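Enquirer: Input: one structure, supplied below.
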Amino acid sequence: VLLGSSHMNSSINPNELWGQFGIVSYNYGTGGQPLDVTYYLLKEILKRHKNPIVVIDLYYLGLKEEYGQEGYIRYVLDNMRFSLNKLDAIIHCTPPDEWLLYLFPVFRYHNRWKELSQQDFCFDVAKDYYSKGFGAGREVYGKDTASDISVKEKAPLPPKSEKYLYKLIDLSKKEGFPLIFTVAPHDYTSTANMKNWHEEPEKMFNTVAEIAQMNGIPYINYNNLLEEIGFHFKSDMYNAGHMNIWGSNKVTSHLGKFLKENYELADHRNDEKYAQWAMDYERYLQKEASAGIE
């Protein structure tokens, strides 16, 4: 189970995990997904999947505001079936004056009938399912990172982010599933002018490394491994914050090897029960080929 913001969404490719290692996974990364939303989304996932390996990208730890942006939150919560977990998510992840609009989205969108087109009635969610939630750009950033990875000092986490980081750790211990923390390649300075973001992300991630070590959780900050995995910031990034498909392939390969070496994961590529995965992978290869991706 792959979770996090757009940094995860463009980071780990389930089709490459399948093609290279026979690992089955799904990327639940969504743009602007705050850590509190990640927590409730994971609780929803655990209703259907028992003891999965859970990989969470921690870029959004840097958010200092109490709540994330409405559009980003709705992308997750509006798509949850109603339950006590969804109710908890609304109460803890959204402002009180918006609770009714999340409980009854019709009040938020009731005027949209004027904008409806044929596409709204014919949209086929299944046609994109083969990608398993993953989506990386195909453009090349062309600039180097300005991140200073030599920094050794630590800095406190934003209070709400820290709270939900520990809630995720506690949930892992309670439910018994393995937890892995990652940080996808990005330029730490890309958030320098954002008032709602941590001023010193490199120090924040050093604190995360310490928390992960204290709790026996693998922590992979890919910003510290660029040379090791042959990652070239200029050509493997889509922009300052997100990888392109070529960069994603390198990070996915590294994580796949890590998973195979450290966990008992079956190779399902020759398993008839997973025939749909093989078909989805073939479709993925065809799509990449048609886009000129090797």
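Enquirer: Of the residues that sit in the stretch 124-151 and are hydroxyl-bearing (Ser, Thr, Tyr) and under 19 Å from the mean Cα position of the chain (by Cα), which one is farthest from residue 281 (Cα to Cα)? Let's see the steps before the verdict.
Expert: Of the stretch 124-151, the ones hydroxyl-bearing (Ser, Thr, Tyr) are 129-131, 141, 145, 147, 150.
Within this subset, residues satisfying the condition of being under 19 Å from the mean Cα position of the chain (by Cα) are 129-131.
On the way: 129: 11, 130: 7, 131: 8 Å.
By that ranking, first place goes to 129.
Every residue, every condition in (1) within 18 Å of the chain's Cα centre (by Cα); (2) farther than 30 Å from residue 191 by Cβ; (3) of a type in the set (Ser, Thr, Tyr), yes or no:
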position: 210; (1), (2), (3): no, no, no
position: 221; (1), (2), (3): yes, no, no
position: 244; (1), (2), (3): yes, no, no
position: 281; (1), (2), (3): no, yes, yes
position: 285; (1), (2), (3): no, yes, no
position: 292; (1), (2), (3): no, yes, no
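Enquirer: For the stretch 21-64, which residues satisfy the criterion of being in contact with a Pro (Cβ under 9 Å, 6 or more places away or on another chain), under 16 Å from residue 158 (Cα atoms) and buried (at least 17 other Cβ atoms within 10 Å of the Cβ)?
Expert: Answer for the stretch 21-64, where residues must be in contact with a Pro (Cβ under 9 Å, 6 or more places away or on another chain), under 16 Å from residue 158 (Cα atoms) and buried (at least 17 other Cβ atoms within 10 Å of the Cβ): 59, 60, 61, 62, 63.
Enquirer: List, please: which pairs have Cβ atoms under 8 Å, are six or more places apart or on different chains, and start with a residue in the stretch 83-101 that is farther than 15 Å from residue 164 by Cβ and end with one that is open to solvent by less than 20 Å² (accessible area, probe 1.4 Å) and aromatic (Phe, Trp, Tyr)?
Expert: Close Cβ pairs (under 8 Å, with a partner that is open to solvent by less than 20 Å² (accessible area, probe 1.4 Å) and aromatic (Phe, Trp, Tyr)) amount to 86/40; 90/102.
Enquirer: Something else about it: From the residues in the stretch 123-147 that are open to solvent by 80 Å² or more (accessible area, probe 1.4 Å) and not hydroxyl-bearing (Ser, Thr, Tyr), which one is farthest from residue 222 (Cα to Cα)? Spell out the reasoning first.
Expert: Residues of the stretch 123-147 open to solvent by 80 Å² or more (accessible area, probe 1.4 Å): 123, 125, 127, 129, 138-140, 143-144.
Right, trim to not hydroxyl-bearing (Ser, Thr, Tyr) and you get 123, 125, 127, 138-140, 143-144.
On the way: 123: 36, 125: 32, 127: 32, 138: 20, 139: 20, 140: 19, 143: 17, 144: 15 Å.
Across the stretch 123-147, the extreme among qualifying residues is 123.
Enquirer: May I pose another question? Tell me the residue from 177, 181 that is of a type in the set (Phe, Trp, Tyr), open to solvent by less than 90 Å² (accessible area, probe 1.4 Å), touching a helix residue (DSSP H, G or I) at 6+ places or on another chain (Cβ under 6 Å) and touching a residue at least 24 places away in the same chain (Cβ under 8 Å), please.
Expert: Result of the check over 177, 181: 181.
Enquirer: Give 189, 182 a once-over and let me know the one that is hydroxyl-bearing (Ser, Thr, Tyr) and over 15 Å from residue 7 (Cβ atoms).
Expert: Working: 182 fails: over 15 Å from residue 7 (Cβ atoms).
After applying the criteria, what remains is 189.
Enquirer: Here's something else I'd like to know. So residue 176 fits all but one of (1) in contact with a Ser or Thr (Cβ under 9 Å, 6 or more places away or on another chain); (2) more than 18 Å from residue 149 (Cβ to Cβ); what number is the exception?
Expert: (1)
Enquirer: Could you check the stretch 80-90 and list, in sequence order, the residues that are in a helix (DSSP H, G or I), within 23 Å of the chain's Cα centre (by Cα) and either surrounded by fewer than 13 Cβ atoms within 10 Å (Cβ to Cβ) or acidic (Asp, Glu) (or both)?
Expert: Let us first name the residues in the stretch 80-90 that are in a helix (DSSP H, G or I), namely 84-90.
Retained after the next criterion (residues that are within 23 Å of the chain's Cα centre (by Cα)): 85-90.
Of everything in the stretch 80-90, just one residue is in a helix (DSSP H, G or I), within 23 Å of the chain's Cα centre (by Cα) and either surrounded by fewer than 13 Cβ atoms within 10 Å (Cβ to Cβ) or acidic (Asp, Glu) (or both), namely 88.
Enquirer: Something else: Regarding the stretch 32-42, can at least one residue be identified that is of a type in the set (D, E, K, R), modelled with pLDDT of 95 or more and farther than 17 Å from residue 179 by Cβ? Don't jump to the end; show me each part of the working.
Expert: Within the stretch 32-42, the subset of a type in the set (D, E, K, R) is 36.
Filter once more, so that each one left must be modelled with pLDDT of 95 or more: 36.
Among the residues that remain, those that are also farther than 17 Å from residue 179 by Cβ are: none.
No: the stretch 32-42 contains no residue that is of a type in the set (D, E, K, R), modelled with pLDDT of 95 or more and farther than 17 Å from residue 179 by Cβ.
The values are calculated or read from the model by the stated rules, or taken from the named source; none is laboratory data. No experiment lies behind these values; they were computed from the predicted model shown. When we count neighbours, we look across all protein chains shown, and the Cβ atoms used for this are built from the backbone with ideal geometry, even at glycine. Each accessible area value is taken on the protein alone, full model and side chains, heavy atoms only, with ligands, DNA and RNA left out. Shrake-Rupley method; radii C 1.70, N 1.55, O 1.52, S 1.80 Å.
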